[in-house]
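Bear in mind that the values in this text are calculations on the coordinates, not laboratory data. Values in this document were obtained by computation on a predicted structure and should not be read as measured data. All Cβ positions, even for glycine, are placed from backbone atoms using ideal geometry, and neighbour counts span all protein chains on display.
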Amino acid sequence: MRIKAKAKDGVVTVKAMMKHEMLSYDIAKKKGKEANFIVYINGKVDGKDVYEASTSQFLSKNPYIKFKFKGEAGKELELSWVDLKGNTKSKKAKIK
Amino acid sequence: MERRKFLGFGLGVAAISLAPVSAVAKNYRKELPKVWTIKNPDKENDLSGVNEAIKAIFGSDKTENSGVKLKAPDIAENGAVVPVSFSLEKASKVALFQTSNPECTVAIWDIPEAGIPEYGVRIKMKKTGTVVVVAEVDGKLYRADKVVKVTAGGCGG
């Protein structure tokens, strides 16, 4: 997972890319694999939610997201995801 | 043997029931499982599936076509990666749909207190279709539609 978080005038802009195949039911069937994709993405600063998305099989492979929230530089953003099979990953990034 | 099976089962359940508490605050996969299976009709640009999904998520499909700025390309050369973004001054919940894939719903966002609803995401579109964004603002629903022409399929081979 790659995260870039930049603060300007009290607004943090985040660009993040997650590494995931995002196999939809259609594609999985063609490839003879099981469908699996990220179903939930959460961003937190100081334990408080700043981003929350429930997602589907129709996000692109290696999903890229962009979002904004009110915050300041110097703090840490923790981004995490959960996929259909229950795998999770999380990563922290300092807000610049 | 029986006992072993039973123990294994118990552990599995414990793992599943623990996960939502730690990582998941409001997961619409769990709260509204049906929304994700609503299908698009097999007709081009038939929005009836999308409208059904809007009703299932927001409790109403009475929307105003204003307030939401939706950005998506007119023509997508690669349906596997279609950039879609939207912006609003404020919103409590936003959902994204399309008519290009077997099912309608792409994502649902709960906008936290600190959140600013200017979000972007990349989606798959199997064929030409309409992208729809619906946002809930102070109990009212606002909507924006945009047709995206897909010249190469989003199946990703």
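Worth pointing out:
- Amide H contacts of A:LYS89: A:TRP81, each under 5 Å away and 5 or more positions distant or on a separate chain (H built 1.01 Å from N in the peptide plane; Pro and chain starts excluded).
- Sparse packing (at most 14 other Cβ atoms within 10 Å of the Cβ) combined with a DSSP loop state is found for the following GluC sites (Glu not before Pro) in chain A: A:GLU34, A:GLU72.
- Only Lys, Arg (+1) and Asp, Glu (-1) charged, at Cβ; the range B:32-157 dipole about Cα centre in debye: 220 debye
- Cα gyration tensor category, rounded, prolate or oblate, for the range B:22-96 with a/c compared to 1.5: rounded
- Computed over the range B:37-157, the ratio Rg/Rh where both radii use C-alpha atoms and Rh is Kirkwood: 0.96
- Ellipticity estimate at 222 nm from DSSP helix runs (n ≥ 4, -39,500 (n - 2.57)) divided over chain A, nearest 500: -2000 deg cm²/dmol
- Rg and Dmax over the alpha-carbon atoms of chain A stand at 14.5, 49 Å.
- Förster-model FRET efficiency, 22 Å R0, A:LYS92 and A:LYS33, C-beta, rounded to 0.05: 0.10
- Members of A:LYS19/B:LYS146; B:LYS30/B:LYS69; A:LYS68/A:LYS92; B:LYS62/B:LYS93; A:LYS66/B:LYS124 lying beyond 20 Å, as alpha-carbon distances in this model show: A:LYS19/B:LYS146; B:LYS30/B:LYS69
- Computed E for A:LYS85/B:GLU89 - FRET, C-beta separation, R0 35 angstrom, nearest 0.05: 0.40
- Residue-averaged beta-carbon neighbours from other chains (10 angstrom radius) around B:79-88: 2
- Taking 16 Å as the straight-line reach from the Cα of A:LYS70, the lysines in range (excluding those fewer than 8 positions away in the same chain) are A:LYS4, A:LYS6, A:LYS8, A:LYS15, A:LYS44, A:LYS48, A:LYS94, A:LYS96, B:LYS90.
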